[in-house]
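Worksheet for the structure shown next.
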Amino acid sequence: MIPVVVRNCVEEARNVVRLVLGSQDGSALPPYEAGAHIDLHLPSGLIRQYSLCRMQSDPQYYEIAVLKDSQSRGGSREVHTLNIGDELNISAPRNHFSLAKTKRKALLIAGGIGVTPLLPMAQQLHKMGLPFEFHYCAKSPDTAAFAKALESGSFADKMHFHYSQVPTSGRMDVVNVLSQNAMDGELYVCGPADFITHIIQQAENLGWPDERVHREYFTAPDLAEGDVDNTAFKVKIASTGELLDVAEDQTIFQVLESNGVFVPVSCESGVCGTCQTGVISGTPDHRDVFLTDKEHTEGKLIMPCCSRSKSPVIELDL
């Protein structure tokens, strides 16, 4: 836990606030690479994950930008009530969405507030002199956080803006954009769940290799009716051999926690990867959006916060 104080609050776009968080004692905060996020511990007790939206220009500050979401579970609404001087706790940065170690051209595609982890990626790529193309999709300019700065910034020539509610702009031609980079590009996409799912599906149709498609969800997509079949099963703890019952209305994490088996959990929806746990035997019923399709097929990892088991017993590396 790192104590910080809100140093500034800036309205970056309609319903989007940028917070500047500074260390309480003026000391340097841990460094991070583009794509990293932090856990924000709110006064109500809620814990939410937010991407660091700029590379550090001063080591004692972090910046996040948060959309007040009408479908929010409460976290984004509470963030919008914070004021300069409020004291909070945060986690050290974690990064499950880092830039690949390659000189391939990077194709950055942001949907709305999904711009937040991609902005520092663009900053890092520009600083390193590596090729990239940045497509920013939003409803209109007044809803697009950082749009004005990006239009006139140091890599403005790499920017492409697509505003669905502006007739002269219109939606991005996804197939055309993906086709131009399919042979030698690295794709990075972030935004609403349906937006990401659509981009990834089109990339798959065009032959993008899975290992060159990188995504970060802020929320998990809604499961279609009929896709959810919760049946009871048992969890076996490899280190002790203990068998624990998981009922239809329980998660693996809830059962582990109630039986004194510690697994770190943050998002509780299979988005952030914090609770990733190894599978010794059994067949996971994956409900997360963090692991890749290949990792889902291999069945060697599971997210206990949301995923279940297709087999009567699943043994975890705990």
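The values are calculated or read from the model by the stated rules, or taken from the named source; none is laboratory data. Everything numeric in this text was worked out from a predicted model, so none of it was measured. Ideal geometry is used to build each Cβ from the backbone, glycine not excepted, and the neighbour counts take in all protein chains shown. SASA here: full protein model, heavy atoms, side chains in, ligands and nucleic acids out. Shrake-Rupley method; radii C 1.70, N 1.55, O 1.52, S 1.80 Å.
Could you work out what % of the accessible surface of region 180-318 is carbon and sulfur, using a 1.4 angstrom probe and leaving DNA, RNA and ligands out of the count?
Answer for region 180-318 is 47 percent, counting heavy atoms of protein chains only.
Ligands, DNA and RNA are left out, and with a 1.4 angstrom probe the accessible area of region 162-273 is 55 Å² per residue. Heavy-atom surface analysis with a 1.4 Å probe gives region 1-58 a carbon and sulfur content of 47 percent of its accessible area. Can you tell me how region 202-318 classifies by the Cα gyration tensor, rounded, prolate or oblate, using a/c under 1.5 as the rounded cut? Prolate, since a/c reaches 1.5 and a/b exceeds b/c.
Pairs of Lys residues in the chain, spaced 8 or more positions apart or belonging to different chains, with C-alpha separations under 26 angstrom: 26 in total. Would you work out if region 105-227 is rounded, prolate or oblate? Take a ≥ b ≥ c from the square roots of the eigenvalues of the alpha-carbon gyration tensor; rounded if a/c is under 1.5, else prolate when a/b is larger than b/c, oblate otherwise. The shape class here is oblate. When you count the other C-beta atoms within 10 angstrom of each residue and take the mean per peptide, 265-274, 293-302, 309-318, 23-32 line up highest first as 265-274, 309-318, 293-302, 23-32. Accessible area per residue for region 1-158, computed on protein heavy atoms with a 1.4 Å probe, is 45 Å². Need the C-alpha centroid separation for region 77-120 versus region 34-60, integer Å. Each part's Cα centre sits 7 Å from the other's.
The order of MET159, MET183 by accessible area, most exposed first and with a 1.4 Å probe, is MET183, MET159.
The shape of the chain comes out oblate: with a ≥ b ≥ c from the C-alpha gyration tensor, a/c is at least 1.5 while a/b does not beat b/c.
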